[in-house]
1. Per residue, how much accessible area does the chain show when a 1.4 Å probe rolls over the protein heavy atoms, in square angstrom?
2. For N55 and R74, compute 0.36 nm times the residue count separating them, minus their Cα-Cα distance, and round to one decimal in nm.
3. Per residue, how much space in cubic angstrom lies within the convex hull of the C-alpha atoms of the range 14-130?
4. What's the carbon and sulfur percent of the range 4-122's accessible surface, probe 1.4 angstrom, rounded to a whole number?
5. Counting each DSSP H run of 4 or more residues in the chain as -39500 (n - 2.57), what helix-only mean residue ellipticity at 222 nm follows after dividing by all residues, to the nearest 500 deg cm²/dmol?
Amino acid sequence: MVTKQLSGGAPRDEADVRRADSLGREIFSDVANKWALLIIEALGDDTLRFSELRNGVEGISHKMLTQNLRMLERYGLLERTVYPTVPPRVEYTLTGPGRALRETIEGLCDWTHRYFGEIEDSCRRFDTGR
């Protein structure tokens, strides 16, 4: 994750994900990774603690979960709340933009379920034909 500086009124070119040097490409690249998408899907409409998220995203390491939570917080897609207890209690919840992105992710999940059999058949044909 590269960290370009966010500017308040970024020119339209900065939002163009097709441009290699745009902030839009950086955001798209960071957010479109498997762990970020799975974290957003796991959070859903809930407020979860770190351990609950880790249990909800099978196979993610502590380090990857931490890195992705920080990135999602930086982009304003989730909110991190720390409660002054001993030990500190930390909870995560999606923000408005995070919930909007979750709708898109749900569409991808629906697409996966809908076409899973066809994709599985295609993979089998492709793999046996090589």
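1. Computed with neighbouring chains in place, this is 70 Å² per residue.
2. Full extension of this stretch gives 4.6 nm more.
3. 152 Å³
4. 52 percent
5. Details: 5 runs with 72 residues, N = 130.
It comes out at -18000 deg cm²/dmol, rounded to the nearest 500.
The values are calculated or read from the model by the stated rules, or taken from the named source; none is laboratory data. Quick caveat, the model's predicted, so the values are computed rather than measured. Each accessible area value is taken on the protein alone, full model and side chains, heavy atoms only, with ligands, DNA and RNA left out. Shrake-Rupley method; radii C 1.70, N 1.55, O 1.52, S 1.80 Å.
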